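Coordinate-derived values only; no laboratory data. Model, not experiment: these values are computed from the prediction. Backbone-built Cβ (ideal geometry, glycine too); neighbour counts: all protein chains shown.
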Amino acid sequence: MRAFLLACLAILVIGVGGYFFLGSMQESSGAAFATDGARINPDWAWRSVSTQAGAGETPQGECDTRKAWQWIFVDFARPEGESALCSISQ
Amino acid sequence: MAVCTRVRLVLIAVALLVFAAAAAPVAAQQPSSVDPNAAAVQEQQLLEQLNRIQGLGTIPDTKSYVIEQPMGRVWRGFHEVWLPWIGGIAVLGMLAVLIIFYLWRGMVRIESGRSGINIVRFSAFERFVHWMTATCFIILALSGLNITFGKHVLLPLIGPSAFSSWSLAAKYAHSLLSFAFTLGVVLIFLMWLSGNILNRVDIQWLKRGGGMVGHDHPPAYRFNAGQKMIYWIVVLGGAAVAVTGYLLMFPFYGTNIADMQIAQGVHGVVAVLFIAVMLAHIYIGTIGMEGAFEAMGEGTVDLNWAKEHHSLWVEQEQARTGAATMQGQRSAMPAE
């Protein structure tokens, strides 16, 4: 009986140790596999897919800098008067 | 003129051969039947040719690039259909066999009756290791069976809320108790290895059915062939479930999805077979044999029990410690 009780105590101690060990080793799936390591490739955008600009050409005139909300909401629009080539670089 | 014609023909023939030789590798590089880039390629055609459909991505986690992996369906079919069947047949089948055997054979009694003399069978440390491993195993088994059978058996009985709470606690217990279980398996391996090497006596013991049928008592050393089989099943099965369990507990540490699917399959099958074998072990250590539980409960066994089931071990112990020492243990021997 004493051996069994000691075994239960050892299980508890090792289990608590395992809890802290796992806590230091494991991450939640949200932190491990999602946004922490995500980045946006500045050479590619949905805008360049939706527009028919010529490859290898350089835009004529000034291009508007995209605002944060335009990136966030995947803005497919092109500001009036802007060259379609501007979409390639943003 | 004729010579010029022949030279021209030879040159043309050589040129054709060179062209054919150059074209052959190019033809060999072409896909046999499916062009993955073709707009009209069918998904099923791709899956027949490739083991997965994978795209491109900019997120560093390359696992997210896999769009379809047909082996996932095989794995789902395994753990939703095959594993419950294998587990159900193994566990319930073993229970049925044990019940039938008990009804037919009953408890194996000490035929010559109790002598009143106890001899030490297992030390306090051995019993500590046994009970640590056994307690963990029972909880790991119940929490593991819950993963496979819980939603079919418990969920309809206790409802989704209670089942959710129970499953959460069981999952934590399954992970946290794995460490003590693994330690126990390692200690069992080291502690009892020398006594569990197969020898000629074990062949005879097996040929005589271990004395389970009739009233035969084949000789055995400290561990008989049946106990040796249990030992190796615990060591090898324990190692298998521990390794595969840790692969699942630490996903993507040297594994990918396919590796973990295989690990889960091995873990599940070995675990249910392990549980079935342990049911037999529990049976023979409790209601199946008179005097057997005392060995792990108190650390001592009756001398007549030892003579009937481990006669060669008793001879060894008597030669080592002297019969007089055993006689002196007539009163309850200190177990711990």
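Quick notes on this structure:
- Partner chain coverage, peptide B:268-277 - average Cβ within 10 angstrom: 0
- Sparsely packed chymotrypsin sites (Phe, Trp or Tyr not before Pro) within the range B:241-284, loop by DSSP, other Cβ within 10 Å at most 10: B:Tyr253
- Taken residue by residue and averaged, Cβ atoms of other chains lying within 10 Å of the Cβ of B:124-130 number 4.
- Rg/Rh for the range B:204-283, where both radii come from Cα atoms and Rh is the Kirkwood radius: 1.19
- Listed by Cβ neighbour count within 10 Å, with the fewest neighbours leading, A:Leu12, B:Leu273 appear as A:Leu12, B:Leu273.
- Look at the stretch B:175-181: the mean tally of other chain Cβ atoms within 10 Å of its residues' Cβ atoms is 6.
- Sorting the segments B:172-178, B:132-138 by their residues' average number of neighbouring beta-carbon atoms within 10 angstrom, most packed first, yields B:132-138, B:172-178.
- Projected onto its three principal axes, the C-alpha set of the range B:117-326 covers 61, 39, 32 Å, listed from the longest axis down.
- The residues B:Trp192, B:Trp232, B:Trp166, B:Trp104, when put in order of fewest to most other Cβ atoms within 10 Å, stand as B:Trp104, B:Trp232, B:Trp166, B:Trp192.
- R0 of 30 Å, Cβ-Cβ distance B:Ile53-A:Phe20: FRET efficiency to nearest 0.05: 0.15
- Here B:Tyr65 and B:Leu248 are evaluated by their C-beta separation; at R0 = 22 Å the FRET efficiency comes out at 0.50.
- Per-residue 3J(HN,Hα) values for the range A:4-13, derived from phi via the Karplus relation 6.51 cos²θ - 1.76 cosθ + 1.60 with θ = phi - 60°, read 5, 5, 5, 4, 4, 5, 4, 4, 4, 4 Hz in sequence order (x marks Gly and Pro).
- Cβ-placed point charges (K, R +1; D, E -1), dipole of the range B:117-326 about Cα centre in debye, nearest 20: 320 debye
- Listed from fewest to most Cβ neighbours within 10 Å, the set B:Leu247, B:Leu155 follows the order B:Leu155, B:Leu247.
- Between B:Ala96 and B:Val266, the modelled labels are 3.1 nm apart [label points 7 Å from Cα along Cα→Cβ].
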